[in-house]
Every structure is written in structure tokens, then in C-alpha cells.
1. Counting trypsin sites (Lys or Arg not before Pro) as exposed when in a DSSP loop with at most 13 other beta carbons within 10 Å, what is the longest stretch of the chain free of them?
2. Average the reciprocal distances over every distinct pair of alpha-carbons in segment 331-423, invert the result, and give the Kirkwood radius in Å.
3. Take every Cα pair under 8 Å in the chain that's 6+ residues apart, average their separations, divide by the length, and report that relative contact order as a whole percent.
4. Using Cα pairs closer than 8 Å and at least 6 residues apart in sequence, work out the relative contact order for segment 50-118, in percent.
5. Of HIS408, MET151, SER187, which is farthest towards the positive pole of the chain's charge dipole, taken about the Cα centre with +1 and -1 on the beta-carbons of Lys, Arg and Asp, Glu respectively?
6. Hey, what's segment 259-318 come to in accessible area per residue, 1.4 Å probe, Å²?
7. Restricting to DSSP H runs of at least four residues, report the calculated mean residue ellipticity at 222 nm for the chain, -39500 (n - 2.57) per run over all residues, nearest 500 deg cm²/dmol.
8. Would you be so kind as to identify which of SER31, VAL133, GLY160 lies farthest towards the positive end of the dipole of the chain, taking Lys and Arg as +1 and Asp and Glu as -1 on Cβ and the Cα centre as origin?
Amino acid sequence: MRALLPDLAPWHSSRDFRLLWLAGLVTVFGSFLTFVAVPLQLKELTGSTFAVGAVGAAELVPLIICGLYGGALADALDRRTLILWTEGGLGVLTGVLFLNAALPHPPTWPLYVVAALVSALTGLQRPALQAMVPRIVPHEQLPAATTLNHMRWQVGAIAGPSLAGVLITFAGVRCAYLLDTASYAASLALTLGLRPSPPSPGAQRPSLSGVLEGARYAWSRKELLGTYVIDLAAMFFAFPTAIFPFLADDLGAPWSLGLMYAAGAVGSLLVSVTAGWAPRVHHHGRMVVGAAAGWGAAMTMAGWMTDVWLVLLFLAVAGGCDMVSGLFRSTLWDQTIPDELRGRLAGIELLSYSVGPQLGQVRVGAMAALTGVRASVWAGGLACLASVGLLALALPKLLSYDRRTDEHAVRMREREAAVAEAA
């Protein structure tokens, strides 16, 4: 049992990791309140699955542009400063949602505008957050740090939607937006305690050429490319959260909406708290492929089920598979990408695991309007299975990756050992 429990070494060894983890927990909790409130408010205002799914379209372009530029900024600026400014901006935008919801007749356009701006700031912030972790956690503790970060997200993803369902039912969406705004203030206070994280010596100024350098590096490493495109395909075809309010109604269980949003996180959390086995796995690419296929299969079953409890069960299974995929993708990235490129590669990674869900919202909303809610879920799951299989065949380096022998992983271990010896 002890071997299954998550490794807490990063929490004990790094003060900055503890602060970053706690700040992230507060932010995730609050963000999931808004994550539930926005589609539910749009559903109440419009009654349209297409209108709800269109939020993903509003978020897409800002995320792509700012995600890539945010990666360049993370390599060129102090990462702590970048995180602080973007966290403050996100809090202000959530406050705008609260003020809009307080109007007697809230218009819908501010929800799309704020969604686009939040996506832009998230794109600027996430690469700095991700690139900061390998600086404050030793190389061999990175799998454990990844597990703990995913666990943080899962706790918020369970508590946030569950509380959101109750809050919105009894107090309305305004209360959810107000609590999210307060969560950003608390997170900002914790982030202020982080030590500065200046750029590497000789860092380039943010530029298009710098972004392209990161893209060329990613393209040259087919195992990295495989992690990006497989997750992108899985999320595009099988990410149905935008239509959960309609799925709950279709199943005759509107009370289950908060549980639907939380179910995936429950499955993820079960994997996290038993992930002590993860550091002993060496073929990370195989785990990514298998987990993405499991995600598609579980979503297919969720779309076929007519009993709400079975739907929740398969959503939880899908969440567990997504956790396995995310754990080994993040570990592969953190253990093989050099620090001077980490921000720009984190920007590309952000696109791989964020653009897919945004496009997936548009796909599932449009398809639900044409074919029905449940058909849009199971058809997407089958398409996910097919695309993952084809991509795995096309990218054999992903399946053959072994962290014990991979030249990039070996080089990173040697570099850290040399730095430690010099210190």
C-alpha cells in the first residue's frame, strides 16, 4: 500500500513548490465555479447548445496566439513576475462576470468577450507556471511533482463543480463568480511569496524567430510531437463538457449536473492517490497511447448509457485515463526538455492540451444540435479511438521511448548532476 501512495518528496524539499501548489489549489477551486456557471448561464439565457459550444470558439484564437507568445515570454522574463500580473488580470475579468450577472437582464456578449480574454491571459501564464516547476524541484522528483500537481487540480475539480451546483441552485451564478474573484486574490497573496525566477543566461528577447525555434525543436522530436497530437485528437473528438447541462436534462436528471463535471476529477483523483507506481514505469509513450484510447472508449460508453449513474461511472473512468495520460506526458516533457527552451515548449504543450478541449466544445455543441446530445458523445468517443490508433502507428518513436536510454533524458540527468556537484 505504501508503494501505491503518492510521493510527497517535492512538498517536503521545496518551499516554492509548496507555495505554488497551494496557490494553484485555490485558483483551480475558484475557476471551476466559473467553469460551471458560464455554460449554465448561457443555457438559461439562450437555450441553445450551439451558443454554449461557441464559448470554445471565442477562446481558441487568443489561446493559440498568447500560448505561443507566453512561452517566449516565460523564457525571456522573470517567471514569477509574469505569473503575478496574469493572475491579477484573471481576477479582474472574473469580477466583470459578476457585475454582468448582477444586471437585471444580463447580455450574453460579455461572457464571450471575457472568455476570450481569460483564454489570452491563461495562454500567457501557463507556460511560466509549467516551466517553473523543473527549476524548484529536483530532476528525480519531477514525476512525483507532476502527480501532486494533477492531484491539486482534481481536488479543485471535484469540490468546485460540486459546490457550484449547490451555489447556483440556491444563490445564482453571481455567487459563483464572486467566490472565484476572491480565490484569485488569495492565490495572488500566496504567489507573492515565491522567490524570483529570472531567465536563463543569454535568454533571447521574445520574438517570432524564438517561437519558431521552439517549434522546430518540438518537430525534431517525434516522441514529443506524438504526445501533443494524440492528446489534441482525444480532446477534440471526445470532450463533451460543454453540453453537460443538456445531457443532464436528456437523462431526466438535472440534479446531476455538478456530479457530471466532478466525475472525471474523481476518476483522476483515484489514480493520483495510488500513483506511487508511476516512477517505476519507463515507457511513457505507451502509457500515453493506452490512456488516450481508454478515454475514447469510456466516452463512447458514457454516450450509449441511458442510466445517469452509469454515465457518471464512465465519465469517472475517462477521468482516470486522462490522469494517466497527463502524468506521463508531463513527466516526459519535464525530464527531457532543456531549461532554455522550456517556456516555449510549454507554450506548445499548452496548445496541445487546451486547444483540443476548446475545439471539442465547438464540435460537440454543433453536433448535438444536428444529431442529438447523446449521439454527439458516443460518436466522438469512437472517432477518438480511431484517431489515437492511427497516430500511434504513424509515430513509432512515441511507443519506443524509454527514459532510461533516451538521449535527451540522459543528458538532462547529467546536466543536473553537474550543477549539483558544482554547487
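1. So the longest stretch without any such site is 3-403.
2. 16.6 Å
3. Computed over the chain, the figure is 28 percent.
4. Relative contact order of segment 50-118: 54 percent.
5. Highest projection toward the positive end goes to HIS408.
6. Per residue, segment 259-318 has an accessible area of 37 Å².
7. -28000 deg cm²/dmol
8. About the Cα centre, the residue reaching furthest to the positive side is VAL133.
The values are calculated or read from the model by the stated rules, or taken from the named source; none is laboratory data. All of these numbers come straight from a predicted model, not from anything done at the bench. Note that each Cβ is placed from the backbone with ideal geometry, even for glycine, and that neighbours are counted across all protein chains shown. These area figures cover heavy atoms from the full protein model, side chains too; ligands, DNA and RNA do not enter into them. Shrake-Rupley method; radii C 1.70, N 1.55, O 1.52, S 1.80 Å.
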